[in-house]
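Visitor: Following this message is one structure expressed as structure tokens.
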Amino acid sequence: MIITSDTQQHHSQLGGKAGALAKLAGAGFNIPSWFAVTADNDLNQKHLTEQVEKLGGECFAVRSSARGEDGVEHSFAGQYDSFLFVDSDSLEEKIRQVWDSHQSTHLEVYQKTKNIAVDQAPTALVQKMVEPEVSGVAFSADPVTGRRSHAMVAALWGVGSAVVSGECDADTWLIDLQGEVVDRTLADKTHHHQRSLKSHEGVCLVETKEEKRHPACLDLQQIAAVARLSRQCASHFDCPQDIEWAIESGQLYLLQSRPITTLTHTPDPDDPLTVWDNSNIAESYSGITSPLTFSFAERIYEHVYREFCILLSVPQQRVADNDQVFSQMLGHIQGHVYYNLNSWYQVLAMLPGFSINRSFMEQMMGVKEPIPAEVVEEILAKTRTSKFKDGWSLLRTAIGLFNNNRGLQKQIDGFYLRLNTALAALDKPLSQMSGVELAAHYRELESQLLKRWDAPLVNDFFAMIYFGVLKSLCEKWLGDGSLQNSLLLDAGEIISAEPPRRINAMAKEVAKHKSLAHILANIEITAKEKLILLQKYANIFQLYQDYLEEFGDRCLEELKLESPTVGDNPQSLLIGIGVLAKRFCRLADAPGEKTNVEISHVEIPEVNFEALTPIKRKVFDWILHQTKNRVRDRENLRFERTRLFGRVRQIVLSLGKRLFEEGLIDESGDVFYLKICEVMGVYENKKPTQKLRALVASRKQQQSSFVAAPPDRFETRGPLHRYTSFSSTTSEKEVAQNTNQLSGTGACPGVTQGTVRVVNDPRKAILQEGEILVAQQTDPGWVVLFPAASGLLVERGSLLSHSAIVARELRLPCIVSIPHITTILKTGDLVEMDGSKGTVHILKRAVDQTACDKNQIDNFCNEI
């Protein structure tokens with residue numbers, strides 16, 4: 001079939017190259033006349049002759065135009081045959097050769113490499129041949145750097161095939177958006193292509209005349225015209241374009257246009273810089289996080305931090321002007337959750353004292369290094385207003401801060417009342433609710449709590465401020481910033497320290513029954529079997545039930561809705577109780593023996609306040625008192641967050657069952673591959689249900705492609721989809737594996753010595769007595785290991801992270817933010833740690849790690 005450029009039919013059969021030309025010709029671009037011949041082997045010679053006569057001219061170009069060719073994903077450049085300067089007598093032969101070129105070996109390899117399905121024979125594009133004085137290629141964006149503001153033009157004397165094939169060097173220019181040349185490279189143009197009747201392809205390589213080798217082959221006006229043509233093509237297709245062009249007798253022709261496929265994964269260096277950091281958030285969302293959990297967390301962060309700014313009396317107009325920032329607080333990158341630091345700093349910049357509060361926020365978030373100056377300048381430029389507006393905003397926010405600080409306890413009490421009311425016993429169990437009822441209950445929680453998270457937010461902010469001020473005063477007035485941690489050892493009752501105490505209490509009761517202790521500690525016996533046995537010990541089982549009632553929602557990765565709770569899988573809790581109970585049994589058998597679970601690891605040090613004047617002492621005591629209260633309430637309010645997430649988890653699990661029962665997903669657990677708005681939309685009649693299975697399948701496939709986690713901190717420019725990998729931008733030096741001295745941030749004072757146990761999954765870990773726990777990060781689910789540990793070394797975290805706060809409450813020597821410690825230390829290494837100075841000294845390396853681990857396992861099994 002012959003398809004002409006002016007027909008409105010059969011355009012779907014034109015293929016990529018001819019299809020693009022048809023659209024461009026319709027838009028008025030100057031394109032040599034053409035027609036296309038589909039590969040149906042029924043080539044009517046009469047019709048062919050008629051079309052050739054309409055084109056006019058003596059010679060023609062015959063090119064391929066396959067369906068996938070010159071597409072957004074794949075260019076197929078050079079994979080099919082093309083012929084230039086074809087006379088009318090040879091035209092049918094060359095058309096058939098183009099058709100047959102889809103059977104070539106190199107095309108087959110290309111398709112397999114790109115994972116492309118084998119296509120049918122291409123359509124042949126027949127175009128009136130232009131015999132140019134100069135020709136070449138052009139890109140509407142720089143394909144090397146990715147800079148979209150620069151067009152690139154490459155030109156050479158003669159036919160452009162020499163440039164396209166890369167056989168000859170060409171002159172190259174970069175042109176900015178104003179049409180000015182910003183860079184040029186003039187080649188020594190020793191050779192070029194010209195017409196050849198003897199060549200199979202229609203062209204041959206010839207030497208360039210000496211006088212034309214070094215001068216530019218385009219003038220400034222022509223350069224600008226070619227760059228403009230490439231950008232016009234890009235504008236027409238809404239996509240950066242790679243074009244071929246030619247100039248004959250002073251007239252510029254467009255020969256073809258296709259997307260620049262390499263730009264899909266090339267960032268634009270002119271795009272704004274974004275800094276991503278997982279710091280403390282890895283404590284809550286470590287590893288792969290489901291789409292459902294991320295969409296839920298993203299929604300919470302958006303609502304609560306917008307509310308936070310309103311609570312602190314940030315002017316409504318300023319909040320509105322920065323509205324898009326609140327929905328960009330987090331990023332979900334290759335399945336992992338990151339802080340978008342640009343958004344966090346921009347929110348902070350809405351408040352007074354940005355330059356001071358920046359460092360306080362970095363301490364709270366565990367950010368190891370400040371944000372680049374480029375981002376700071378951009379944020380200041382966005383938030384800068386007139387002096388009068390700045391002064392008025394500062395006054396309003398200062399008043400808001402004062403009022404919130406003064407009324408914070410009342411806010412906290414009101415929040416607890418609202419939370420307890422919202423989470424009160426339901427009239428109907430969740431398991432009996434319909435999907436509509438479950439969605440309504442979620443929306444009720446959202447309106448009562450998720451959008452009214454006032455007390456935790458304000459308390460967190462003041463915890464950040466007071467904590468930073470206390471550290472500064474310890475450094476300036478007492479000469480030792482590390483005293484801050486010592487002074488916070490008696491911060492008051494922190495609920496996160498209660499689970500280890502309860503575990504100790506249960507272990508003491510279990511220790512009265514040695515056989516029960518051995519059974520609970522046995523990793524081979526299932527949790528179900530242990531619970532059946534435990535019910536025979538009424539008082540112990542009641543303690544266990546009480547623990548689940550109050551702390552059943554505390555689990556590993558407790559803020560992930562997909563995480564099983566202690567109630568779902570109590571094995572690690574039961575093993576922890578059993579191991580501790582066995583130690584209490586040994587202590588009872590040897591009364592003189594000391595065990596680390598019976599003693600406090602540190603004493604509160606004496607602080608010399610004599611250097612302080614009476615006024616400074618009063619100020620210091622007030623700041624210390626405020627810091628203790630805020631840190632205590634920060635951790636306790638985080639527990640209330642756990643309760644809320646526990647209820648949401650139950651709602652989501654029930655919704656998953658409803659979706660499965662109604663045949664909308666293949667299994668109830670597939671709900672975690674959907675977003676919260678998609679799940680709610682099903683029962684609020686806002687989302688189509690027929691696409692749920694496809695969404696689940698797509699996201700499962702995407703998640704399976706995640707090989708390695710991105711680095712803890714990295715930078716991007718522009719959209720994330722342009723990146724296939726990320727490079728760490730942290731400035732910390734890589735710690736040598738053979739070093740004997742490590743350092744981090746001291747979080748709880750105390751010097752202790754012992755062998756370390758590196759734990760990646762606490763569900764499978766058992767600490768031997770006196771061991772120092774080493775982890776990449778911890779969350780409340782790790783508490784079953786804390787009572788047995790003599791020290792805690794954490795790769796991530798900050799002084800206000802969960803591990804630091806709970807360690808201070810338990811008087812457990814602790815150091816956080818120790819780079820690479822989980823890879824440098826090996827289980828069995830003997831170390832001495834100083835929680836005040838933040839130092840770790842390696843005293844002795846484990847001789848044979850494999851043998852060491854095997855011996856420990858054998859010893860443990862013998863004990864059982």
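Visitor: Could you check region 431-452 and list, in sequence order, the residues that are within 33 Å of the chain's Cα centre (by Cα), open to solvent by less than 30 Å² (accessible area, probe 1.4 Å) and not hydroxyl-bearing (Ser, Thr, Tyr)?
Guide: Within region 431-452, Gly435, Leu438, Ala439, His441, Leu445, Glu446, Leu449, Leu450 meet the criteria.
Visitor: Against the condition among the polar types (S, T, N, Q) and more than 25 Å from Ser5 (Cβ to Cβ), how does Ser161 come out, does it pass?
Guide: no
Visitor: Also, I was wondering about something else. When only residues in region 769-787 that are open to solvent by 10 Å² or more (accessible area, probe 1.4 Å) and small (Gly, Ala, Ser) count, which is nearest to Ser486 (Cα to Cα)?
Guide: Gly770
Visitor: Further question on the same structure: Within region 142-152, work out how many residues are open to solvent by less than 20 Å² (accessible area, probe 1.4 Å) and in contact with a strand residue (DSSP E or B) (Cβ under 7 Å, 6 or more places away or on another chain).
Guide: Number of matching residues: 2.
Visitor: Also, I was wondering about something else. So is Arg757 crowded, with 19+ Cβ neighbours inside 10 Å and either part of a helix (DSSP H, G or I) or among the aliphatic types (A, V, I, L, M) (or both) or not?
Guide: no
Visitor: Counting only residues that are out of contact with any helix residue (DSSP H, G or I) (no Cβ under 8 Å at 6 or more places or on another chain) and over 23 Å from Arg638 (Cα atoms), give me the helices (runs of 4 or more DSSP H) lying completely in region 390-487 with at least 3 of them.
Guide: In region 390-487, 454-477 are the helices (runs of 4 or more DSSP H) which contain 3 or more residues that are out of contact with any helix residue (DSSP H, G or I) (no Cβ under 8 Å at 6 or more places or on another chain) and over 23 Å from Arg638 (Cα atoms).
Visitor: In region 806-822, how many are part of a loop (DSSP other than H, G, I, E, B), β-branched (Val, Ile, Thr) and open to solvent by 10 Å² or more (accessible area, probe 1.4 Å)?
Guide: The total comes to 0.
Visitor: A further question follows. Just for helices (runs of 4 or more DSSP H) wholly inside region 279-379: which have at least 1 residues that are under 16 Å from Met464 (Cβ atoms) and open to solvent by 30 Å² or more (accessible area, probe 1.4 Å)?
Guide: It comes to 291-311, 354-365.
Visitor: Please state which of the following conditions Gln741 fails to meet, knowing it meets all the rest: (1) touching a helix residue (DSSP H, G or I) at 6+ places or on another chain (Cβ under 6 Å); (2) open to solvent by 50 Å² or more (accessible area, probe 1.4 Å).
Guide: Among (1) touching a helix residue (DSSP H, G or I) at 6+ places or on another chain (Cβ under 6 Å); (2) open to solvent by 50 Å² or more (accessible area, probe 1.4 Å), the lone unmet condition for Gln741 is (1).
Visitor: What do you reckon, is Ser803 part of a loop (DSSP other than H, G, I, E, B), of a type in the set (S, T, N, Q), out of contact with any His (no Cβ under 9 Å at 6 or more places or on another chain) and modelled with pLDDT under 90?
Guide: Criteria not met by Ser803.
Visitor: Tell me yes or no: at least one residue of region 106-118 is modelled with pLDDT of 80 or more, of a type outside the set (D, E, K, R) and under 18 Å from Arg258 (Cβ atoms).
Guide: For region 106-118, residues modelled with pLDDT of 80 or more, of a type outside the set (D, E, K, R) and under 18 Å from Arg258 (Cβ atoms): absent.
Visitor: Name the single residue, out of those in region 251-266 being at pLDDT 95 or above and open to solvent by 30 Å² or more (accessible area, probe 1.4 Å), that is farthest from Ala66 (Cα to Cα).
Guide: Residue satisfying both the conditions and the ranking: Gln251.
Visitor: Exactly one of (1) open to solvent by 70 Å² or more (accessible area, probe 1.4 Å); (2) farther than 23 Å from Gln251 by Cβ is unmet by Arg195. Its number?
Guide: With respect to (1) open to solvent by 70 Å² or more (accessible area, probe 1.4 Å); (2) farther than 23 Å from Gln251 by Cβ, Arg195 is out only on (2).
Visitor: Return the residue satisfying two criteria in turn: it lies in region 153-185 and is in contact (Cβ under 8 Å) with a residue 60 or more places away in the chain and either in a strand (DSSP E or B) or open to solvent by less than 20 Å² (accessible area, probe 1.4 Å) (or both), and of such residues it is farthest from Leu205 (Cα to Cα).
Guide: Val153
Visitor: List pairs: first in region 275-291 and more than 13 Å from Gln334 (Cα to Cα), second of a type in the set (Val, Ile, Thr) and part of a loop (DSSP other than H, G, I, E, B), Cβ under 6 Å, 6+ apart or cross-chain?
Guide: Val275/Ile371; Asp277/Val367; Ser279/Val367
Visitor: Also, quick follow-up: For region 789-801, what are the residues that are touching a strand residue (DSSP E or B) at 6+ places or on another chain (Cβ under 8 Å) and hydrophobic (A, V, I, L, M, F, W, C)?
Guide: Ala789, Leu792, Leu793, Val794, Leu799
For (1) of a type outside the set (A, V, I, L, M, F, W, C); (2) modelled with pLDDT under 95; (3) buried (at least 16 other Cβ atoms within 10 Å of the Cβ); (4) not in a loop (DSSP other than H, G, I, E, B), each residue gets a yes or a no:
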residue: Ile651; (1), (2), (3), (4): no, no, yes, yes
residue: Phe660; (1), (2), (3), (4): no, no, yes, yes
residue: Asp670; (1), (2), (3), (4): yes, no, yes, yes
residue: Ala697; (1), (2), (3), (4): no, no, no, yes
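The values are calculated or read from the model by the stated rules, or taken from the named source; none is laboratory data. Owing to the predicted nature of the structure, the values given are computational and were not obtained by experimental measurement. Every residue, glycine among them, receives a Cβ derived from its backbone with ideal geometry; neighbour counts consider all protein chains shown. These accessible areas exclude ligands, DNA and RNA; they are computed on the full protein's heavy atoms, side chains included. Shrake-Rupley method; radii C 1.70, N 1.55, O 1.52, S 1.80 Å.
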